[in-house]
Amino acid sequence: MATTFPQLLLEHARKRPQAPALREKDYGIWQTWSWDKAADDVRALALGLHALGFKPGQNLAIVGDNRPLLYLMFIAVQSLSGVPVPMYQDAIAEEMAYVLRQAEVDFAFAEDQEQLDKLLELRNASSEEAVPGLTHLIYDDPRGLRNYTDPGLISVEQLMQRGRDYGQENPELFEQFVRQVDPQSTAIILYTSGTTSKPKGVCQTHAAYIAAAEGGVALDHLNQDDDVLSYLPPAWAGDFLFSVAEWLVAGYTINCPESSETVAIDLHEIGPTYYFAPPRIFEGLLTSVSIRMEDAARSKRWLYRRFIGVAQRVGADILDGRPVGWADRLLYGLGNLLIYAPLKNAMGLSRIRVAYTAGAAIGPDLFRFFRSIGINLKQIYGQTETCAYVTIQKNGEVKLDTVGPAAPGVELKITEGGEVLVKSRSLLTEYYKRPDATAEVLDADGWFHTGDAGVIDSDGHLRIIDRAKDVGRLNGPQGTCAGPMFAPNYIENKLKFFPQIKEAVCFGHGRDHVCAFINIDFDAVADWAERRGIAYAGYVDLAGKADVLQLIAGCVDRVNAGLAAEEGMAATQIARFLVLHKELDPDDDELTRTRKVRRGFIAEKYRVLVDALYSGKAEQHIETAVKFEDGRSGNVSATVRILDAKRFPAVKAAA
């Protein structure tokens, strides 16, 4: 029985040699790797690395977009009892330097010139960020590298040829290496997003990730006929689960898009049956739909609103197999013919059998929309330290406000303080060379402390409230911090349901009321402005337009009305808000590479704006340092207007 990733690959190659394992779109044409070819390439890569001097226990850094050879490099390294260390492809050199030094990397695999240049810059630097130990640099795409003569540089084709030559001289060596891989050894080191501190290297074993993959595959009956589009960062724990672990357990086909710019087109061409995306992707899909409908003829807009109303009322019940009256079923069927099916086809989701979202909380309104039009969207909850998930929603048992029950083989417990604890076979073994950090999250009884606050309902479903450190309280009587509970992420997700709002950050702990920063979605608001003849010169100008501020005020008012109708939430309505003069950006350290808000950093960086919100000012001038895509630094300045939001009286529950 296969118990490691290399063994699983060889098993598929033996049983289904010509079946498709991976596809890549290159110059507009889909290229296919059979399982046999995938295994042959892994053999060549592994033996080539061995010939270069790569040894068991060494770490090899990998940086690049989703490419077949990138995924095969993972398995090649593991075949030698080594450990791949993927890095985010949009990380700047300074961020890479920390990972490379902390993981003690000598070998690195880079997709193209852009990534290779970062590694060479770090190797040759004389600053404290230098990583002189990078002795071997392997690259995939040779474009632009003809005149690169740096020592230790080798193309992946040269590496594979060296491996094939070595294999001819040592025909049994690769299989010997694979047999020696220990299932309990570290299979991968995945670095956390670093929301509150420096990223930590999470060590996960073959056995841990395979156990997680087997649970998900069994629950959703994933099989070799499924298709998956792999487009999320390979350095993210979720991508390793879906694009490596479950791929090798279920044997489905991985499809790599041509580029990040062509994902939407490639998604439509592939029509995946199994799909994963964080909430921001689904927010983007809904935003694009909203923009198209705004430009549609009046009759189409009327049809859309009419049948989306039907879907919102009965669509989720039909999807879950619950009783629905024949008249509503007839209306829904007509809506599917006219609206839902064309809509799913336009988004590339017409063949979806099961879809998941995770990585951040998804707003219930957004979640309800996709399920209502017949997309079997479900939530999972987990962290890098838990092999990406610990709860998973089951078909027919989906609740909008929970993330499902414990996954197979997982135990959950809630502490008296409300923190979620986890115990399973898929927990990290340690943070790499950080015993202090490991001891903080793994207690003596084997429970992992997630840092999230949650509750378990009567059906055993977990509801995540927020990060435990972010959950606070508004001021109570006499200014004491004993007022209503305040969960900023809950309110932020309600704001982000609106296509005009891309990001939101709420404040309120220890304050008398809630205030918010808002980022507009530039594409959606620009389209809205152009159709109304509103001229603008760029993001800063558009974000400050009076008409745009009133547009966002309408969104805030609707969120407040909804909070007023929820039990115990009326006091957390937004009192004041502003539209930020710049987009929050990972390059400016405001978001993590997985686009999670670094709330504490933002509060400190924009303290002058936070103070203005709570001091009653109508506007505040600010100048902010920014980093541009080409590496240059600069400043963005603006006078930001601050608006009071409309608040509503609490709606009393019916007796």
Selection status of Val420, part of a strand (DSSP E or B), touching a Ser or Thr at 6+ places or on another chain (Cβ under 6 Å) and open to solvent by less than 20 Å² (accessible area, probe 1.4 Å): yes
If we keep only residues of the stretch 14-29 that are modelled with pLDDT of 95 or more and in contact with a strand residue (DSSP E or B) (Cβ under 8 Å, 6 or more places away or on another chain), then the residue surrounded by the fewest Cβ atoms within 10 Å (Cβ to Cβ) is Gln18
Could you please give the count of residues in the stretch 323-351 that are closer than 26 Å to Ile270 by Cα and part of a helix (DSSP H, G or I)? 14
Output the number of the condition that Ala444 fails; it satisfies all remaining conditions of (1) free of Cβ contacts under 8 Å to residues at least 12 places away in the same chain; (2) of a type outside the set (Phe, Trp, Tyr); (3) under 21 Å from Val398 (Cα atoms). (3)
Collect the residues in the stretch 392-417 that are on the phi > 0 side of the Ramachandran plot and surrounded by 21 or more Cβ atoms within 10 Å (Cβ to Cβ), keeping them in residue-number order. Gly404
What is the number of the single condition among (1) modelled with pLDDT of 90 or more; (2) over 30 Å from Arg632 (Cα atoms); (3) not in a helix (DSSP H, G or I) that Asp557 does not meet? (3)
Can you tell me which residue among Ile270, Ile318, Ile265, Ile291 is aliphatic (A, V, I, L, M) and surrounded by fewer than 17 Cβ atoms within 10 Å (Cβ to Cβ)? Ile265
Can you name the residue in the stretch 410-426 that is modelled with pLDDT under 90 and small (Gly, Ala, Ser) and is also farthest from Ile456 (Cα to Cα) among such residues? Gly417
Hey, any hits in the stretch 115-129 for a residue that's at pLDDT 90 or above, within 23 Å of the chain's Cα centre (by Cα) and more than 19 Å from Ile189 (Cα to Cα)? yes
Of the residues in the stretch 194-236, those that are among the small types (Gly, Ala, Ser) and under 22 Å from Glu258 (Cα atoms) number 2
Hey, can you tell me all the residues within the stretch 2-13 that are open to solvent by 30 Å² or more (accessible area, probe 1.4 Å) and over 22 Å from Asp225 (Cα atoms)? Thr3
Can you name the residue in the stretch 243-275 that is at pLDDT 95 or above and in a helix (DSSP H, G or I) and, of all such residues, is farthest from Tyr191 (Cα to Cα)? Ala250
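The values are calculated or read from the model by the stated rules, or taken from the named source; none is laboratory data. Please read all numbers here as calculations on a predicted model, not as lab measurements. Methodologically, a virtual Cβ is constructed for each residue, glycine included, from the backbone with ideal geometry; neighbour enumeration extends over all protein chains shown. Ligands, DNA and RNA are stripped out before the accessible areas are found, and what is left, the full protein with its side chains, is counted by its heavy atoms. Shrake-Rupley method; radii C 1.70, N 1.55, O 1.52, S 1.80 Å.
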